[in-house]
Amino acid sequence: MLFSELGLSPEILRAIEEQGYSQPTPIQEKAIPLVLSGRDLLAAAQTGTGKTAAFMLPILERLKKFANTSVSPAMHPVRALVISPTRELADQIGENVKSYTKYLPLRATTVYGGMNMDPQTQELRRGVEILIATPGRLLDHIQQKTVQLNKVEVLVLDEADRMLDMGFIQDIRKIMSLLPKERQTLLFSATFAPEIKRLSNDFMKSPQTVEVARQNATNDQVEQIVYQVDGFKKRQFLAHLIRQREMSQVIVFCKTKLSADQLSRDLKREGLQAEAIHGDKAQSARLETLAAFKEGSLRVLVATDVAARGLDISELPYVVNFEMPNAPEDYVHRIGRTGRAGAKGVAISLMAPEETRQHEAIEKLTKQTLTPLPSASLWPAAPTPAPRKREVVESGGLIAPTSKGEGLKQPMASRRSRKAKREIPALLLPPRYKVEMIR
Ligand code: AMP
């Protein structure tokens, strides 16, 4: 199927073509016509399936008739409200909307906590058609009367299961009760827990259900590997793994903010570029770290489940579970950071003996067997160094001064091969040294 067959306007088609989307994803194929028809929608879609465009493109199509360039705030009331559990996901949706509205004069803004409210208030006062918000900060704006929601036509609850996990249920119910009764409601969730069903019964009108992946399924594009590693050996094992697999980028998951901080410090000490993101970090620091990771200048992003929720880093090749999550659903979310939009990915879990209970829960939820490999299968065996590689690359010579002060062309290879003879055999060294020698 083509995007042009889905009833979207040329302005939108042009914008998504520029994003490199050639074909709708399955969730887009199913959800776009339904959203365009004005129906309420209950969608089970895994992360990375293209769900943001699945709701945002038809919303833009529906709001297109209101697009205008007037400077009057009254001409730009909030007509679509998107609620996101985390700041990072809100930011990401905001970025997507920016690119999708490139050829449409519709305004959008993103508001979340941890940031000064004043610039957000100014944006809201100027008027926006599309508002993306986290629940707490939205309620702050509502309370301070800096936002009016009486013209909202479409409400999106994104990653609703996570909002409930994070204890936002009361906030969500409150926000929903403040919106016009006549509206379209779209609820996206990775899983349909009973509480999600209750929410939909209370606030939605005969919603259509769309499901693109088996509930609690993991993505087939992600290769899953589990290593049995004692807790105290995990840090060294991880540093070795990153180097041995030559991971250019990896998100490493920890259960707590404390262990994320500790691990990023340890990896730095191991000589790896690593930073942690979690809820205790200032928003500006989180955004800076995320931007560095996205542009590839940061190799290891250590994250807690909450901070990493909804992160979309294109072509992220690796995810590592440094600690097994307590809730098996988090495993599905974590490994969903890789293998996005059809790309291949690898998810590696480090399981300590005391984490077998979590491992079993993951197997049960995802209905698959994840046989743990002994850590010895990777450790201490390391690839044999390839000492000649750099010599081949550095084919040029070197001008070495002679005793007479003249320059003499001396091939680099011969200098290096002399040096190589002095090297300690790699297998006598602990693994991390072995690996460093080849780099
Ligand atoms: P999401 O599930 O919304 O987080 O999207 C995951 C990634 O897929 C994002 O980087 C989107 O830009 C990308 N994406 C969404 N729709 C398509 C499409 N039809 N073709 C290619 N990439 C897409």
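Note on region 218-327: along the principal axes its Cα atoms extend 36, 32, 30 Å, ordered by decreasing extent.
Annotation: extensible slack from Glu223 through Arg125 equals 30.5 nm (criterion: 0.36 nm per residue apart, minus Cα-Cα distance). Given axes a ≥ b ≥ c from the Cα gyration tensor, I'd like to know whether region 1-53 is rounded (a/c under 1.5), prolate (a/b larger than b/c) or oblate. The shape class here is oblate. In region 194-280, the inverse of the mean reciprocal separation of distinct Cα atoms equals 16.8 Å; this is its Kirkwood hydrodynamic radius.
If contacts are Cα pairs under 8 angstrom and at least 6 residues apart, what is the relative contact order of region 1-123 in percent? Provide the component values of the computation, followed by the final result.
Details: 105 pairs, mean separation 34.3, N = 123.
Dividing the mean separation by the residue count of region 1-123 yields 28 percent.
Taking packing as the residue-averaged number of other Cβ atoms within 10 angstrom, the listed peptides 178-186, 27-35 run from highest to lowest as 27-35, 178-186.
Take the alpha carbon gyration tensor of region 247-296, find the square roots of its eigenvalues, order them as a ≥ b ≥ c, and report rounded if a/c is under 1.5; if not, report prolate when a/b exceeds b/c, else oblate. Display every interim value, and only then the final one.
Working: a/c = 1.70, a/b = 1.03, b/c = 1.64.
Here region 247-296 falls in the oblate category.
Counting every other Cβ atom within 10 Å of each residue's Cβ, His359, His240 order from fewest to most as His359, His240. Per residue, the average separation of C-alpha pairs within less than 8 Å and at least 6 apart gives region 187-311 a relative contact order of 24 percent.
Once both labels are positioned 7 Å from their Cα atoms along Cα-to-Cβ, the gap between Met117 and Met1 label points is 4.3 nm. Computed log10 I(q)/I(0) for region 47-127 at 0.19, 0.26 Å⁻¹: -0.91, -1.46, from the Debye equation with unit scatterers placed on every C-alpha and solvent omitted. The tail of the calculated P(r) for region 119-188 beyond 19 Å holds 32 percent of all Cα-Cα pairs. Working note: Debye formula, equal point scatterers on the alpha-carbon atoms of region 1-145, no solvent; log10 I(q)/I(0) at q = 0.15, 0.20 Å⁻¹ is -0.77, -1.29.
Where a number appears in this text, it was derived from the coordinates with a stated rule and is not lab data. Note that this is a predicted model, so its numbers are computed, not measured. Note that each Cβ is placed from the backbone with ideal geometry, even for glycine, and that neighbours are counted across all protein chains shown.
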